[in-house]
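Student: This is the structure, below, for whatever I ask next.
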Amino acid sequence: MIFDKITDKIIVTAKDYEMPFSKGLLARSLTTAGMKPSEAYIFARGIEADLNHDSLKRISKYELRQRVYYSLISNDYEDIAEKYLIWRRILKKHSVIILVGGASGVGTSTIAFELASRLGISSVIGTDSIREVMRRSISKDVVPMLYESSYTAWRALRNYDEDDDDLYIQGFIRHVEPVLLGIEGIIDRCLTEGTSVIIEGTHIVPGMISDKYHDIPNVIFLTLTLSSENVHKKRFIARAKVSDRPLERYLENFEIINNINKYIVKDSNAHIVPVIENVSISDTVQECLEIVTNKFNTLDEEEGGEIEELI
Ligand SMILES: Nc1ncnc2c1ncn2[C@@H]1O[C@H](COP(=O)(O)OP(=O)(O)O)[C@@H](O)[C@H]1O
Ligand SMILES: O=C(O)[C@@H](COP(=O)(O)O)OP(=O)(O)O
């Protein structure tokens with residue numbers, strides 16, 4: 001009721017709350033369902049114009065969703081109409097766990113936050129934070145590699161041979177192992193509680209994460225990569241402009257970071273995890289959304305979901 005006094009906008013009502021109609025929010029749901037951002041805003045404006053034309057002052061969320069759905073159908077957006085509805089049921093019914101891996105600098109945190117915002121998942125956890133927690137519980141004497149970066153961990157290996165081609169990857173693996181304990185702990189907790197989370201970072205290496213998680217349909221693995229060394233280096237330059245992370249450290253270790261990148265890609269291919277080239281943010285997000293939505297679409301069909309239930 002309070003909004004009626006402070007805005008001329010149509011009020012959208014739900015069971016527990018009400019809010020003024022927002023073209024931006026609707027456009028976001030539509031882009032999540034696969035519509036181009038430019039088209040989504042125009043479409044949302046069209047829905048608002050229809051509501052105004054009908055002189056509506058209030059509309060329930062249920063009716064609004066129904067209008068959007070049928071308007072999508074009548075404008076030849078059948079695919080988007082189905083996806084628009086499906087995602088709502090997914091988050092209501094399932095815990096969604098998305099694991100975004102990739103070597104340092106390929107964009108895992110950027111893409112994880114974009115995905116979270118589009119999908120309405122409120123929790124994003126970086127594996128570097130998990131690593132920090134693990135450092136508090138495992139002493140440096142026991143696992144010195146954990147106290148290094150992923151690309152400097154080789155230095156903490158005992159009796160290493162600098163000519164060993166595999167040295168950097170051995171260090172990386174030993175660095176990742178203890179962090180996996182924390183990653184798997186968070187996944188277990190989310191599955192038990194039915195909550196959703198996106199975990200991102202260089203410690204998400206599909207082949208190192210227990211097989212049992214690969215068999216759970218609502219745990220989704222995504223790997224990001226950059227094939228162009230030049231573009232990858234430029235990402236560190238861009239990041240250094242907006243954060244305190246020293247550019248030199250990443251450029252000096254770039255060859256090792258690039259080795260780790262190739263290793264994660266190879267490992268992902270071997271475990272049938274999609275590998276996405278993160279050149280443009282919007283294309284990467286769209287590709288990830290398609291993978292996630294298709295996976296749950298199949299799950300939903302297997303469970304005999306009915307569209308009518310949603311609208
Ligand atoms: N698709 C993209 N296009 C342009 N810049 C990007 C893209 N993805 C990430 N970035 C930028 O690249 C830098 C590194 O990304 P970040 O997400 O911090 O990487 P990571 O978490 O994998 O180390 C950041 O400055 C980020 O804004
Ligand atoms: O170990 C690593 O590769 C990076 C991971 O962080 P992202 O670059 O992936 O954010 O952490 P660092 O020790 O450089 O702070």
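Student: Looking only at residues in the stretch 203-232 that are within 16 Å of ligand 2 (Cβ to nearest atom) and among the β-branched types (Val, Ile, Thr), which one is surrounded by the fewest Cβ atoms within 10 Å (Cβ to Cβ)?
Tutor: Ranking the qualifying residues of the stretch 203-232, first place goes to 231.
Student: Shifting gears a bit: Condition test on residue 150, is it touching a residue at least 60 places away in the same chain (Cβ under 8 Å) and buried (at least 20 other Cβ atoms within 10 Å of the Cβ)? I'd like the intermediate steps shown before the answer.
Tutor: Values: touching a residue at least 60 places away in the same chain (Cβ under 8 Å): yes; buried (at least 20 other Cβ atoms within 10 Å of the Cβ): yes.
Yes.
Student: Go over the candidates 132, 114 one by one and state the one that is within 16 Å of ligand 1 (Cβ to nearest atom), on the phi < 0 side of the Ramachandran plot, touching a residue at least 60 places away in the same chain (Cβ under 8 Å) and of a type in the set (D, E, K, R). If you could, list the steps in order and put the result at the bottom.
Tutor: Details: 132 fails: touching a residue at least 60 places away in the same chain (Cβ under 8 Å).
It is 114.
Student: Hey, does the stretch 199-212 have a residue that's touching a residue at least 12 places away in the same chain (Cβ under 8 Å) and among the acidic types (Asp, Glu)? Write out each step before concluding.
Tutor: Applying the first criterion (touching a residue at least 12 places away in the same chain (Cβ under 8 Å)) to the stretch 199-212 yields 199-210.
Then drop every residue that is not among the acidic types (Asp, Glu), which leaves 200.
Checked the stretch 199-212: at least one residue is touching a residue at least 12 places away in the same chain (Cβ under 8 Å) and among the acidic types (Asp, Glu).
Student: Taking the residues in the stretch 235-249 that are in contact with a helix residue (DSSP H, G or I) (Cβ under 8 Å, 6 or more places away or on another chain) and more than 19 Å from residue 279 (Cα to Cα) as candidates, determine which candidate is nearest to ligand 2 (Cβ to nearest atom).
Tutor: 245
Student: Right, another one. What is the one condition in (1) acidic (Asp, Glu); (2) in a helix (DSSP H, G or I); (3) within 16 Å of ligand 2 (Cβ to nearest atom) that residue 200 does not satisfy?
Tutor: Just one mismatch for residue 200, condition (2).
Student: For residues in the stretch 13-40 being free of Cβ contacts under 8 Å to residues at least 24 places away in the same chain and under 20 Å from the mean Cα position of the chain (by Cα), which is surrounded by the most Cβ atoms within 10 Å (Cβ to Cβ)?
Tutor: 27
Student: Residues in the stretch 54-72 that are more than 21 Å from residue 19 (Cβ to Cβ) and at pLDDT 95 or above: how many?
Tutor: 1
Student: Can I ask one more? Going through the stretch 150-196 one residue at a time, which ones are among the polar types (S, T, N, Q) and closer than 30 Å to residue 96 by Cβ?
Tutor: At the first step, the residues of the stretch 150-196 found to be among the polar types (S, T, N, Q) are 150, 152, 159, 170, 192, 195-196.
Residues satisfying the conditions are 150, 192, 195, 196.
Student: Might you check whether a residue that is part of a strand (DSSP E or B) and of a type in the set (A, V, I, L, M, F, W, C) occurs anywhere in the stretch 46-65? Can you show your working first?
Tutor: As a first pass, look at the stretch 46-65 and keep what is part of a strand (DSSP E or B): 58-60.
Okay, now just the ones that are also of a type in the set (A, V, I, L, M, F, W, C), so 59.
Yes; the residues of the stretch 46-65 include at least one that is part of a strand (DSSP E or B) and of a type in the set (A, V, I, L, M, F, W, C).
The values are calculated or read from the model by the stated rules, or taken from the named source; none is laboratory data. Quantities reported herein were computed from a predicted structural model and do not represent experimental measurements. All Cβ positions, even for glycine, are placed from backbone atoms using ideal geometry, and neighbour counts span all protein chains on display.
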